[in-house]
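**Q** Before anything else, here's the structure in question.
Nothing in this text is a laboratory measurement; each read-out follows from the coordinates by a stated rule. This is a predicted model, so every value here is computed, not measured.
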């Protein structure tokens, strides 16, 4: 198969994935809207405050917002100016609540003074969550993760670094390509989604390996 033919087939496959995904997101958005209403009603009927009900309501709300933001992204809705620390803190909380979370050391280094970027809070949370979850999965027996952001000139630089074994060199060239995964249970979309979000915000994402893995996101600083 020639490279041009392979590219055409991959493009067609991605187009089909995009059509099915947008339709699926629309249906899931409607389902989560109903689930959120039911959850809020059940929580209101509870005789006392229950943290598990609150967590369930928050999770359902986040799922609905995430789908809403993704649908808005497909419609090219305008992004907003926001402090990068907010999505970073939210993403870390969500990853630590993940049922497959393995206890490990997290070092969160928030930017000071506040680092402003133009984007969607929910999409930036998804970006950060995907990168953090990726780092967690690279440390099945535990380890340490540094989650940081800083300003370099007119760019906000967000980094997720772990002290795992790193990614084999043979897989590095296709890290951000869709439907490509080195994990047995992977779908090959997580890092592709991260790259898509970065590019939609005028930024970029890269990978380096030195004593572990480091994913670095660069976004324009908002004035």
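**Q** In whole Å, largest first, what are the principal axis extents of the Cα atoms in the stretch 80-220?
**A** Result for the stretch 80-220: principal-axis Cα extents of 38, 30, 27 Å.
**Q** Here's a follow-up. What is the Cα coordinate range of the stretch 135-179 on the first, second and third principal axes, sorted by size from largest, in whole angstrom?
**A** Each principal axis gives a Cα extent; for the stretch 135-179 these are 33, 27, 17 Å.
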